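To start, the structure itself, in structure tokens.
The values are calculated or read from the model by the stated rules, or taken from the named source; none is laboratory data. Keep in mind that what you see is a predicted model, and the values were worked out from it rather than measured. We place every Cβ from the backbone using ideal geometry, glycine too, and count neighbours over all the protein chains shown. Each accessible area value is taken on the protein alone, full model and side chains, heavy atoms only, with ligands, DNA and RNA left out. Shrake-Rupley method; radii C 1.70, N 1.55, O 1.52, S 1.80 Å.
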Amino acid sequence: MRQLQRQPLRARRSAIAAVCLATAATVGLTACGTESGKKDRVAAAKPKGPFAGMSGGEIAEKAMKTTAGAKSLRISGDVADAETGLMSMDMALDTGGRCAGTMGMGEQGSMEMRIPGRTTAYLKYDEKFLRAQSKGEPAADVQAAVDMLANRWTKTRTTSEDAKEISGFCDLDALLADFKGGSVARRGGTTTVEGTPAIKLTESSGKDKYTIYVATEGKPYLLRIDTTTGGGKPETLTFGDYDKPVKATPPTGDVVDLDELG
């Protein structure tokens, strides 16, 4: 019986990996943009205001360097996945291996996670998620997993098959390692992102177009990236809660220990 309960969990790992890879790809491509042409190192007429005299590329590089120095942050928004469509996420993570938040797969359900360190992961799946990621398994096995696990906290080692991908994404040091390289972004106007004054930058890589928002008050952190591929609807990732504690308190009460199930 325990073996039947475990099969659907193994099936869902590809969905988690897709979110992690898509997020890293968005950040990485933007950080080292490949737009053709020379870098606009000298801003036209040396504009006044935020980042006066700096080109778009210089501002983007400054934002990436500043963001890479953060001890914690929160990432929320949508990323595209060819298999499941638009996937959503809202995750807070830090350099100590702590993270907490949710991931959603649209009509294919969602999951919640809390990882208070580098050893144990607490995960909770809704019924849609379990059923969608168990497609192809015997109906009785899927129903058994749903009855036991749906909307119920589980725990497992961060190195287990059920948690290693998401635990890897919770490594903020590894994620921020992609915040490097040059940029050929162009300056745009000023605006606000969730109440924070920002400057807008634009950049492209092949058919992908990016709009990057950088804080103009306080530290020049990255605030948002909008990505448009082939003229489609923009996907948005928002960054915030820099250097704030990550609330990843382990759940109490009814928690299923997946490692004890075998």
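For region 253-261, state whether one or more residues are surrounded by fewer than 19 Cβ atoms within 10 Å (Cβ to Cβ) and within 18 Å of the chain's Cα centre (by Cα). No, the conditions are met nowhere in region 253-261.
Checking each residue in region 190-207 for being open to solvent by 40 Å² or more (accessible area, probe 1.4 Å) and touching a strand residue (DSSP E or B) at 6+ places or on another chain (Cβ under 7 Å) picks out T190, T191, T192, E194, T196, K200, T202, K207.
Pairing each residue of region 133-160 that is in a helix (DSSP H, G or I) with any residue that is open to solvent by 20 Å² or more (accessible area, probe 1.4 Å) and modelled with pLDDT of 90 or more, provided the two are 6+ apart or on different chains, yields C-beta distances under 7 Å for V142/R131; V146/E127; V146/R131. Scoring T67 on the criteria (1) under 17 Å from the mean Cα position of the chain (by Cα); (2) buried (at least 20 other Cβ atoms within 10 Å of the Cβ); (3) assigned to a strand (DSSP E or B); (4) hydroxyl-bearing (S, T, Y) leaves a single failure, condition (3). Based on this model, can you work out whether L130 counts as closer than 22 Å to A68 by Cβ, in contact with a helix residue (DSSP H, G or I) (Cβ under 9 Å, 6 or more places away or on another chain) and either assigned to a helix (DSSP H, G or I) or open to solvent by 30 Å² or more (accessible area, probe 1.4 Å) (or both)? When the stated conditions are applied, L130 does not pass them.
Confirm whether A80 is surrounded by fewer than 19 Cβ atoms within 10 Å (Cβ to Cβ), in contact with an Asp or Glu (Cβ under 8 Å, 6 or more places away or on another chain) and not polar (S, T, N, Q).
Values: surrounded by fewer than 19 Cβ atoms within 10 Å (Cβ to Cβ): yes; in contact with an Asp or Glu (Cβ under 8 Å, 6 or more places away or on another chain): yes; not polar (S, T, N, Q): yes.
Here the answer is yes, as A80 does meet what is asked.
Show the residue pairs that are 6+ apart or on different chains and have beta-carbon atoms under 8 Å apart, the first residue being within region 99-122 and within 11 Å of A163 (Cβ to Cβ) and open to solvent by 50 Å² or more (accessible area, probe 1.4 Å), the second being assigned to a strand (DSSP E or B) and not β-branched (V, I, T). Going by the 8 Å Cβ cut-off, the qualifying pairs are T119/R157.
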